[in-house]
Amino acid sequence: KQEVTQIPAALSVPEGENLVLNCSFTDSAIYNLQWFRQDPGKGLTSLLLIQSSQREQTSGRLNASLDKSSGRSTLYIAASQPGDSATYLCAVSRGGANSKLTFGKGITLSVRP
Amino acid sequence: DTGVSQNPRHKITKRGQNVTFRCDPISEHNRLYWYRQTLGQGPEFLTYFQNEAQLEKSRLLSDRFSAERPKGSFSTLEIQRTEQGDSAMYLCASSLGGYTGGKGIGSVRPQHFGDGTRLSIL
């Protein structure tokens with residue numbers, strides 16, 4: 001059974017800091033990995049999707065990397081802003097006909113002005 | 001692209017009542033997923049449709065839960081005889097099935113989520 005772990009559960013940083021959020025998964029037979037952002041009381045916003053054949057994806061100040069062999073992914077946020085405060089979740093998909101997502105519990109990020 | 005729409009946003013009901021939620025996916029998306037999220041946890045998969053066919057159900061989906069997607073468009077999730085443990089955020093997601101191109105199996109297109117329906121059982 002696939003398990004996805006995100007540690008720590010919460011993180012507080014001053015504005016402007018570069019930071020890395022970690023995600024690990026137990027079964028390396030994944031097809032893709034997706035990072036999401038969730039604001040309080042809201043649904044999930046897709047940030048980046050990395051296919052298993054890729055090593056990283058970038059969008060603006062965000063960069064996500066994937067190392068399937070070690071079962072790890074990182075989300076790098078450059079020059080953090082208070083508006084980045086949210087919960088960040090990673091999820092993996094095994095692919096095939098379903099591609100349901102298995103999520104971690106998320107990391108709640110607070111960026112202090 | 002108007003996004004995934006879920007209604008109602010909030011539902012408060014007494015234990016033992018039946019509730020029904022609706023999800024309208026992005027119009028051209030053929031895949032639709034339901035997830036459940038409790039406080040402090042990540043979403044957990046409940047069930048999945050490809051067009052109108054329900055292809056997989058999680059063991060989390062007891063016989064009190066039923067989901068439909070008539071005509072492969074919107075979907076409904078019904079919970080009968082609600083219990084305290086059913087209190088959660090119910091999230092719907094949709095995606096295009098298939099490939100982004102090139103080789104490979106399954107879907108590499110991202111899932112797009114709605115804002116969810118928050119269910120509170122009194």
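Every number in this text was worked out from the coordinates using simple rules, so none of it is lab data. Since the model is a prediction, treat every value here as computed from it, not as a measurement. Neighbour counts run over all protein chains shown; Cβ positions are idealised from the backbone, glycine included.
By its C-alpha gyration tensor, with a ≥ b ≥ c as the square roots of the eigenvalues, how is the protein assembly as shown shaped: rounded for a/c under 1.5, else prolate for a/b larger than b/c, else oblate?
Oblate.
Suppose a student asked you for the relative contact order of chain A, using Cα pairs under 8 Å spaced at least 6 residues apart; what percent would you report?
37 percent
Which distance in nm do the two modelled labels at A:Gln2 and B:Asn51 give, with both placed 7 Å along the Cα-to-Cβ direction?
Distance between the two pseudo-spin positions: 2.5 nm.
Which of the peptides A:10-19, A:28-37, B:75-84 is most tightly packed, and how do the rest follow, judged by the mean count of other Cβ atoms within 10 Å per residue?
A:28-37, B:75-84, A:10-19
If you wrap a convex hull around the Cα atoms of chain B, how much volume per residue is inside, in Å³? Don't skip to the end; give the middle numbers.
On the way: hull volume 13.1 nm³, N = 122.
Normalising the Cα hull of chain B by residue number yields 107 Å³.
Given R₀ = 45 Å, FRET efficiency for A:Ala29-B:Glu28 by Cβ-Cβ distance, to 0.05?
The computed FRET efficiency comes out at 0.95.
If R₀ is 22 angstrom, what is the calculated FRET efficiency for the pair A:Lys42 and A:Ser12, using the beta carbon separation as r and rounding to 0.05?
0.60
For the protein assembly as shown, what number of Lys pairs, 8 or more residues apart or on separate chains, have alpha-carbon atoms under 25 Å from each other?
For the protein assembly as shown, qualifying lysine pairs total 19.
Using the Kirkwood formula on the Cα atoms of chain A, what hydrodynamic radius do you get, in angstrom to one decimal?
14.1 Å
Given 0.36 nm per residue, what is the gain on full extension from B:Asn18 to B:Leu60 after removing their alpha carbon distance, in nm?
Length difference between fully extended and current span is 13.4 nm.
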